[in-house]
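One structure is given here, and the rest of the page talks about it.
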Protein chains: 2
Amino acid sequence: MQHDLQHTISLLTRTPATLDALLRDLPQAWTFQNEGEKTWSAFDVVGHLIHGERTDWMPRAKIILESGESRPFEPFDRWAQARASQGKSLSQLLDEFARLRAENLSELRALDLQPEQLALRGRHPALGVVTLSELLATWAVHDLTHLHQISRLMAHQYREAVGPWNKYLGVLQCAGHSS
Amino acid sequence: MQHDLQHTISLLTRTPATLDALLRDLPQAWTFQNEGEKTWSAFDVVGHLIHGERTDWMPRAKIILESGESRPFEPFDRWAQARASQGKSLSQLLDEFARLRAENLSELRALDLQPEQLALRGRHPALGVVTLSELLATWAVHDLTHLHQISRLMAHQYREAVGPWNKYLGVLQCAGHSS
């Protein structure tokens, strides 16, 4: 389907509550384990989503609206959350993500973007020309990519425990696809 | 990690609220679309989870406890939800799933399973000998496999909308792995 701003906002609104329902007070055996070296735990993923709220989505939307293609976006640091999450609990991160997401969506709604604005173009440091519409659709799919990742990395913890069922469980066949 | 019954129950407890937070009242453009012929929508997946609560997990656990390997499990019908979900709304299915899961977990807790019971063996019609421990671990990973599937099939709807970002979004590279 085509990008629909109201559908995007509907999805973006639900992610904090979805992660809260899934992860809050879950045993650390699920939330602090990863899939091996240089991979993330659910805790790391929530930190990454927080970093995106602070530095990626709305800041980039504003760059497109204010400067168009003349000012490339700042590159996004995929490992920044390790520092920012240090010493925090998963509950604190879930609260912080929910607060930042609510603020960003409030700001997005206030912009009341019209089709001609959604067609405005910006410059991604690696991908080149992108539109505001593509940026906002990507924000939503980025949430889904990390929900996909969390379900996979949690399932990985029971790879042995499921015994012969492992070949029936699609999530255990997923190669990761980078996140 | 090894199977831990309390960890399994923690995860199983959270799935209805997770799906509720993600899906309830979301536009049908997200919840009634699938990934193409013979694939499922989020609505279909919730119907499938309901069917599992009714016919798969606890019924099979009871077969192991009562009959061991002497009585093979009934084969599970992966397409049964099409009939059972007919005429229902997604909200009704979410309510039904939450109710059945709560009942099943209440029954599971009441069994107060001990390590020697978790080691008991049953017979899967296709996989052969399995243990009660493996069945219960699979119940949890089955939830995760369908959360993984829902995130992927929803992301699929925005495959075009994200433009050049599609190559960065892992969920859009996922081949499905059967579910």
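Mean 1/r over all different Cα pairs, inverted: what Kirkwood radius does the protein assembly as shown give, in Å?
This gives a value of 21.3 Å.
So the label point sits 7 Å from Cα along the Cα-to-Cβ vector; using that for residue B:25, what distances do you get to the other copies, in nanometres, sorted shortest first?
Sorted ascending, the copy-to-copy spacings read 2.4 nm.
Given C-alpha coordinates of region A:77-133, what is the ratio Rg to Rh with the Kirkwood estimate of Rh?
1.12
At q = 0.18, 0.20, 0.22, 0.24 Å⁻¹, what is the base-10 log of I(q)/I(0) for region A:114-179 according to the Debye formula with one equal point scatterer per Cα and no solvent? Please give it to two decimals.
Ignoring solvent entirely, the Cα scatterers give -0.74, -0.82, -0.90, -0.99.
Return a whole-number percent for the relative contact order of chain B, with Cα pairs under 8 Å and 6 or more residues apart as the contact set.
Computed value for chain B: 30 percent relative contact order.
Work out the mean other chain Cβ neighbour count within 10 Å for the residues of A:11-24 and drop it here as an integer.
Average per residue, whole number: 5.
Any chance you could check the Cα centroid distance between region A:114-152 and region B:42-88 for me, in angstrom?
With region A:114-152 and region B:42-88 each reduced to a Cα centre, they are spaced 39 Å.
When the dipole is taken about the Cα centre of chain B, and only Lys, Arg (+1) and Asp, Glu (-1) are charged at their Cβ, what size is it in debye, to the nearest 20?
The dipole magnitude comes to about 280 debye.
Averaged across B:131-138, how many Cβ atoms of other chains sit within 10 Å of each residue's Cβ atom?
5
Check cross-link reach from residue B:62 to the lysines: straight Cα distance under 26 Å, and skip same-chain residues fewer than eight apart.
Residue B:62 reaches A:167.
Against the longest alpha carbon principal axis of chain B, how many degrees, from 0 to 90 and to the nearest 10, is the axis of helix B:90-111 turned?
Tilt relative to chain B: about 20 degrees.
Taking both sides together, what accessible area is buried at the B/A interface, probe 1.4 Å, expressed in Å² and rounded to the nearest 100?
For B against A, buried area totals roughly 5200 Å².
Report, in cubic angstrom per residue, the convex hull volume of the C-alpha atoms of region B:66-165.
167
Keeping the other protein chains in place, figure out the carbon and sulfur percent of the accessible area of chain A, with a 1.4 Å probe.
48
State in Å² the accessible area per residue of region B:1-94; use a 1.4 Å probe, count heavy atoms of protein chains only, and round to the nearest integer.
For region B:1-94, the per-residue accessible area is 46 Å².
For region A:43-103, what number results from the quotient of the Cα radius of gyration and 2.2 N^0.38 Å?
1.24
At 0.36 nm per residue, minus the direct Cα-Cα distance, what do residue A:88 and residue A:116 gain on full extension? Give it in nm, one decimal, please.
5.9 nm is the gain from fully extending residue A:88 to residue A:116.
Heavy-atom accessible surface, probe 1.4 Å, ligands and DNA/RNA ignored: which residues of region B:29-48 lose at least 50 Å² versus the isolated chain?
B:30
What is the Å³ per residue value for the convex hull set by the Cα atoms of region A:1-110?
136
The values are calculated or read from the model by the stated rules, or taken from the named source; none is laboratory data. Remember, predicted model here, so these are calculated numbers, not experimental data. Positions of Cβ are generated from backbone atoms using ideal geometry, with glycine treated the same way; all protein chains shown enter the neighbour counts. Remember, those area values only see protein heavy atoms, side chains included, never the ligands or the DNA or RNA. Shrake-Rupley method; radii C 1.70, N 1.55, O 1.52, S 1.80 Å.
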